[in-house]
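The values are calculated or read from the model by the stated rules, or taken from the named source; none is laboratory data. Note that the structure is a prediction, hence the values are computed from the model and not measured. Note that each Cβ is placed from the backbone with ideal geometry, even for glycine, and that neighbours are counted across all protein chains shown.
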Amino acid sequence: MLAIRVSGKDWKITTDAQSPRRTLARLPMEKGKWTDWVVQVKWSPEEDGFWTIWKDGAEVVRETGIVTDYPEEQGPYAKFGQYHSVDEKAARNVVYFDEYRVAGPGGSFEAVAPGGGAKKQGE
């Protein structure tokens, strides 16, 4: 439904909640540097969902009144990984994940944000 991908030298945030796939943001990626993401979502198969996404404390995506989930019994779930084969173009790929946090309906940016929850740009 919602993916933060690497595409070339960029982060690419996409959604498949409604066809066709949409790109929500394309942002420069810096290799060798930690990137902190905070995602706030109301998952809904109706047009009452929303998401706000912050990269390193700066808001980069905000959409409201949208479909964010397929109408299925399983509901949303998180997956992390490297979905890329190693080949002659990319002989080695290394990805690190750290401090995955989840807050319920009463959660806040501060409850899950890295670095003590301090917002940077776009507060």
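Can you confirm whether the stretch 57-64 contains a residue that is outside any strand (DSSP E or B), at pLDDT 85 or above, within 23 Å of residue 6 (Cα to Cα) and of a type in the set (Lys, Arg)? No, that holds for no residue.
The C-beta contact set for the stretch 94-105 (first residue more than 18 Å from residue 82 (Cβ to Cβ) and among the acidic types (Asp, Glu), second residue surrounded by fewer than 10 Cβ atoms within 10 Å (Cβ to Cβ) and at pLDDT 85 or above, distance under 6 angstrom, 6+ apart or interchain) is empty. Take residue 106 and decide whether it is at pLDDT below 70, part of a loop (DSSP other than H, G, I, E, B) and farther than 13 Å from residue 36 by Cβ. No; evaluated as a whole, the condition is false for this residue.
Only residues that are under 14 Å from the mean Cα position of the chain (by Cα) and modelled with pLDDT under 90 were counted in the stretch 8-34, giving 2.
The residues of the stretch 1-19 that are free of Cβ contacts under 8 Å to residues at least 24 places away in the same chain and either assigned to a loop (DSSP other than H, G, I, E, B) or charged (D, E, K, R) (or both), listed by number, are 5, 8, 9, 10, 12, 16, 19.
Residue-by-condition table, conditions (1) in contact with a Ser or Thr (Cβ under 6 Å, 6 or more places away or on another chain); (2) not polar (S, T, N, Q):
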{"position": "4", "(1), (2)": "no, yes"}
{"position": "7", "(1), (2)": "no, no"}
{"position": "10", "(1), (2)": "no, yes"}
{"position": "15", "(1), (2)": "no, no"}
{"position": "23", "(1), (2)": "yes, no"}
{"position": "26", "(1), (2)": "no, yes"}
{"position": "30", "(1), (2)": "no, yes"}
{"position": "34", "(1), (2)": "no, yes"}
{"position": "42", "(1), (2)": "no, yes"}
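Residue selection: residue 60 satisfies the criterion of being of a type in the set (A, V, I, L, M) and either over 28 Å from residue 8 (Cα atoms) or out of contact with any Phe, Trp or Tyr (no Cβ under 6 Å at 6 or more places or on another chain) (or both). Would the stretch 20-34 turn up any residue that is assigned to a loop (DSSP other than H, G, I, E, B), touching a residue at least 60 places away in the same chain (Cβ under 8 Å) and under 21 Å from residue 107 (Cα atoms)? Within the stretch 20-34 (the criterion being assigned to a loop (DSSP other than H, G, I, E, B), touching a residue at least 60 places away in the same chain (Cβ under 8 Å) and under 21 Å from residue 107 (Cα atoms)), the answer is no, since none of the residues qualifies.
Put simply, of 120, 79 the only residue that is in a loop (DSSP other than H, G, I, E, B), under 15 Å from the mean Cα position of the chain (by Cα) and either closer than 17 Å to residue 15 by Cβ or at pLDDT below 85 (or both) is 79.
Residues in the stretch 6-39 that are over 20 Å from residue 102 (Cα atoms) and of a type in the set (D, E, K, R): 9, 10, 12, 16, 21, 22, 26, 30, 31, 33.
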